[in-house]
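Take a look at the structure set out below.
The values are calculated or read from the model by the stated rules, or taken from the named source; none is laboratory data. Keep in mind that this is a model prediction, so the values were computed, not measured. Note that each Cβ is placed from the backbone with ideal geometry, even for glycine, and that neighbours are counted across all protein chains shown. Keep in mind that these areas ignore ligands, DNA and RNA; they rest on the heavy atoms of the full protein, side chains included. Shrake-Rupley method; radii C 1.70, N 1.55, O 1.52, S 1.80 Å.
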Amino acid sequence: MFEFLFKRPGDNKPGDKPAGQATQAQQSSSRPAASSNPGVTPSAPSAAAAARAQQAEQLARVQGDEAAAVEFILQCEFSELRLTAAEFVHGPEALERVHTAMRNTDRRVAKLMQSRLEAHRHREAEHRRAQATLEQADALLKDDLLTPNHVADIDRKWAVIAAPELQDDFQRVRAALGQRLEAQVQLQRAMIDRLAALRQLATGVAAGSLPAAELAARLDVLAQEQTAALQAPEHTSLPRGLGAEFGVEHQKLQASLHALEAGQTALAARGAFLELQQNMPVAALSADALRKDWKALPVLPQDEAGGELQRRFEALLASLPQAAAEARKPKEGKGAHEPRPPKAEQGAADRTETRNEARKPRGADQHFLDTMDAMEAALQQGSLGSAAELDKSLKEARDKGMRLSPAQSDRLAHVRAELKRLSDWARWGGNVSREELIKNVETLATQSLAMSELAKKVGSMRERWKALDSLSGAAPKSLWERFDAACSAAYAPAAAHFRQLADERHTNAARGEKLVEEARAEIARLASGEADWKHVAGTVQRLRLAWSHLGAIDRKEKKRLDAQFTDALNVMQGPLEEQRKGEMAEREAIIEEAAAIDPHDRHAIDTMRALQQRWQEHARALPLERKSEQALWQRFRAVCDDVFQRRKDSMHEADIERRAHEAAKEAISARLEAAAPEATPATMGKLLREAQAEWQAIGPVPRAHEARVEKRYHAAVALVQQHADQVRRAAGVAQAAQLRDKLRLVQELEGAVAQAGDGDAVDWDARWTALPALDGELERTLRGRFDAAVRALSEGRAAHAQLLERNRAILLHDLLRMEIGAGIDSGPEFARERLKLQVEVLQSSLKSGHKNGSAATPGAQLRALLALPALADARTATRIEQLSLRLAKEGK
């Protein structure tokens, strides 16, 4: 009904007629128009038409000019002409300006501006989201630990973003991510295939169908493939379990390969030995010597070939005359004058006896000898317990009727004598140790130890006494009595302490019984209908607190009392919790009433105070659980604070403050934009830190302008950083060019030193002085190398030339290492050396545990390389220049 207050002369309502009919309508209603705008008289309808025509001509000249369209809208008096001109306004600042001016004047124009502003903000928001997602994708592309889940998250984010201007950039980054994922898949599949190949080789080795040479070749190929996979760019995606499993399988196969090779070596050695002995005359062979030499050869494999060689050796022994003579000797214990059988029968009996004697062991068997060897080893290591157990097994073997040779009997007697001697020493040492142990126990009483620690000490002393009994035999009775008395005396305070703890546990149990009885008495009062809920809540809280401070109780009693107390509390808390639920509902209702208060109502304060009074009455009547009470009180207090704060706040003051913040932030952005052309790396850090500190100190700006202000500030920061980076790169490139000129001069001088008769007539100092000076470190480095070469021209030329020649290989090695670190291609001629050096660098980093904190910086490594006097060809000089230029561009 108050629209006439905002209506301008010539304005039409949304249902107005076209322009031709509008003039007639204005003429027919000249009286209301005149009353609504005193500046237009009723007698001048043609003046309004002329003004409209003039503004229509201005609108025709506005075509495509946004600034002119904005000015036209602000001064135009006709709504349809303003709406037509509004079609040319698209910029955010222009839209904001027109919307602010037309908000209370022309609803159609204001609504159009508002829709375009919202569309523009939406596009900016989408662009920011797209830019953030693109930056995240770029960071993910540079991340070593790339997983498919990360890429899937990026795809899901991008799917809901509408930013066609960044679609090409995202597709490029997404394609790179896809290539990395594909490389990871191929690397993992190759890893699985290599592991399957190792298992197939293990199957072949178990079946005995795989020769050692083929196994070695295939293992080398698989090891090389595994090394290459571990050096691949995507090696971090390989599962650690597969890598460890590959290592275990490879080690097993290596062990099998060594066993096969050892078996083949043993077969070859023993076969050659048999061939040599079989070709010798039988009279020159000795059975004992053959057995000794055969035993000294490598161990035969437990297969058919090994068994065949063993049978051949036994046949060789059986063919010797000594073996036949030993077989014909009469057995011990038989009569020497027994009648002989016929000659044919005697020969058959001799051959049978020879075979039987060949099967019988001479002296002790191998198990007995191995046991004796183990006993000697145990004595050498001081393990008397193990030696005694082994001696016991030797005695059991002798008791079964085993006969020993004289040498074996002497050896066994010597070992047992050594066991007895060491046992005597151990018994003596055990008694000494027991004396020391008794002294240690006696000193425990003088130490201020905690009772638990004292009990552990005494227990450990008794365990040590038992260990001495097992190692050095039983102790004398007198020593045991002294030790037992000392332990009892030392343990007496702990025993008294533990008795006191037991008494305290009994006392605590009695207190627990009283608490349970008190809870049961309160339950009886509840059952009788005498329920004071405030008293009940206090009793429950007091009993629970007293139970928590009850102290230690015996486990069995604790379990019983806990069950009784819990049951009693549950009975008491059942009706109490029902009452508290109703009380919580009352509190919730009070919170809802407080939230519904209109802060602009003049009775709001009185209503709020009445609600607070009700809250206090409920809190005194029945206290809730502390956690619930605090949560509800915090909510009620927050609602009250919000009501008071909304009454206190003033929208006008807040708007003025935000606009002041906006002006301050715009000033910061303007200062950064003005300082950007003169920004240098030295001044950029301070400038940005000060700007960031000021920006953070300033409060919020109007929400409608927040995006624009933030955008301008970030653009100004980026502009400052861009100019500083350009200055730094330019300075680095200039420094690299100066370094190149001086390095070439030094290399030319060193080349003259290496070639006898060259360079004597050149004024090298003048040429050095003519070149511009470098930074301090680089200048001193090259100057020292230059001076050394100049001195070598006059004296020590041959020695310096030899030094230059020796350092050539060092120069190439260090240069290749730095190229690897900087990521520079060294050329195909250095591919093999580069790969070898990369493997060495990787191995050294793995051995050192990736602790590179003390490693030299690229700049220090470059200075060390430049300080090395060495001859360099044109290719090497070019590589050094490329390296220095790369480090200069990277700011290193």
Can Asp424 be described as more than 55 Å from the chain's Cα centre (by Cα), in a helix (DSSP H, G or I) and either within 29 Å of Asp391 (Cα to Cα) or not small (Gly, Ala, Ser) (or both)? yes
From the list Ala137, Ala152, Ala110, which residue is within 24 Å of Lys711 (Cβ to Cβ) and not polar (S, T, N, Q)? Ala137
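Quick one: would you say Gln131 is open to solvent by 60 Å² or more (accessible area, probe 1.4 Å), under 27 Å from Ala232 (Cβ atoms) and in a helix (DSSP H, G or I)? If you could, list the steps in order and put the result at the bottom.
Working: open to solvent by 60 Å² or more (accessible area, probe 1.4 Å): yes; under 27 Å from Ala232 (Cβ atoms): no; in a helix (DSSP H, G or I): yes.
No.
Here's the yes/no breakdown for (1) open to solvent by less than 30 Å² (accessible area, probe 1.4 Å); (2) closer than 23 Å to Leu242 by Cβ:
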| residue | (1), (2) |
| --- | --- |
| Leu141 | no, no |
| Asp144 | no, yes |
| Arg156 | no, no |
| Ala207 | no, no |
| Ala212 | yes, no |
Name the residue, out of Leu454, Leu444, Leu449, that is under 49 Å from the mean Cα position of the chain (by Cα), without any contact (Cβ under 8 Å) to a residue 24 or more places away in the chain and surrounded by 15 or more Cβ atoms within 10 Å (Cβ to Cβ). Leu449
Any residue at all in the stretch 78-88 that's open to solvent by less than 50 Å² (accessible area, probe 1.4 Å), over 27 Å from Arg121 (Cβ atoms), assigned to a loop (DSSP other than H, G, I, E, B) and not polar (S, T, N, Q)? yes
Out of the residues in the stretch 642-659 meeting the condition of being in a helix (DSSP H, G or I) and either polar (S, T, N, Q) or modelled with pLDDT of 85 or more (or both), tell me which one is nearest to Gln612 (Cα to Cα). Gln645
Please verify whether Val516 is modelled with pLDDT under 85, in contact with a helix residue (DSSP H, G or I) (Cβ under 7 Å, 6 or more places away or on another chain), part of a helix (DSSP H, G or I) and closer than 27 Å to Trp547 by Cα, treating the condition exactly as stated. yes
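Conditions tested, residue by residue: (1) within 30 Å of Ala527 (Cβ to Cβ); (2) open to solvent by 60 Å² or more (accessible area, probe 1.4 Å); (3) part of a helix (DSSP H, G or I).
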{"position": "Phe565", "(1), (2), (3)": "yes, no, yes"}
{"position": "Met572", "(1), (2), (3)": "yes, no, yes"}
{"position": "Gly582", "(1), (2), (3)": "yes, no, yes"}
{"position": "Glu586", "(1), (2), (3)": "yes, yes, yes"}
{"position": "Ile591", "(1), (2), (3)": "no, no, yes"}
{"position": "His600", "(1), (2), (3)": "no, yes, no"}
{"position": "Asp606", "(1), (2), (3)": "no, yes, yes"}
{"position": "Ala610", "(1), (2), (3)": "no, no, yes"}
{"position": "Arg614", "(1), (2), (3)": "no, yes, yes"}
Within the stretch 144-186, track down each residue that is free of Cβ contacts under 8 Å to residues at least 12 places away in the same chain and in contact with a helix residue (DSSP H, G or I) (Cβ under 8 Å, 6 or more places away or on another chain). His150
Taking the condition free of Cβ contacts under 8 Å to residues at least 12 places away in the same chain, open to solvent by 70 Å² or more (accessible area, probe 1.4 Å) and touching a helix residue (DSSP H, G or I) at 6+ places or on another chain (Cβ under 8 Å), does Arg97 pass? no
Would you check which residues across the stretch 282-304 are under 25 Å from Val205 (Cα atoms) and surrounded by 11 or more Cβ atoms within 10 Å (Cβ to Cβ) and list them? Leu297, Pro298, Val299, Leu300, Pro301, Asp303
The stretch 684-701 - residue that is without any contact (Cβ under 8 Å) to a residue 24 or more places away in the chain and open to solvent by 30 Å² or more (accessible area, probe 1.4 Å) and, of those, farthest from Arg729 (Cα to Cα): Ala697
When you check Leu812 against the structure, is it out of contact with any Leu (no Cβ under 7 Å at 6 or more places or on another chain), of a type in the set (A, V, I, L, M, F, W, C) and assigned to a helix (DSSP H, G or I), yes or no? yes
Exactly one of (1) modelled with pLDDT of 80 or more; (2) buried (at least 16 other Cβ atoms within 10 Å of the Cβ); (3) in contact with a helix residue (DSSP H, G or I) (Cβ under 7 Å, 6 or more places away or on another chain) is unmet by Ser628. Its number? (2)
I'm trying to understand the selection: among the residues of the stretch 479-504, which are among the small types (Gly, Ala, Ser) and surrounded by fewer than 17 Cβ atoms within 10 Å (Cβ to Cβ)? Ala485, Ser488, Ala489, Ala492, Ala495, Ala496, Ala502
Return yes when Gly538 is surrounded by fewer than 14 Cβ atoms within 10 Å (Cβ to Cβ), assigned to a helix (DSSP H, G or I) and in contact with a Pro (Cβ under 8 Å, 6 or more places away or on another chain) and no when it is not. yes
Considering the stretch 871-890, residues that are of a type in the set (D, E, K, R) and assigned to a helix (DSSP H, G or I), and then whichever is farthest from Ser826 (Cα to Cα), we arrive at Lys889
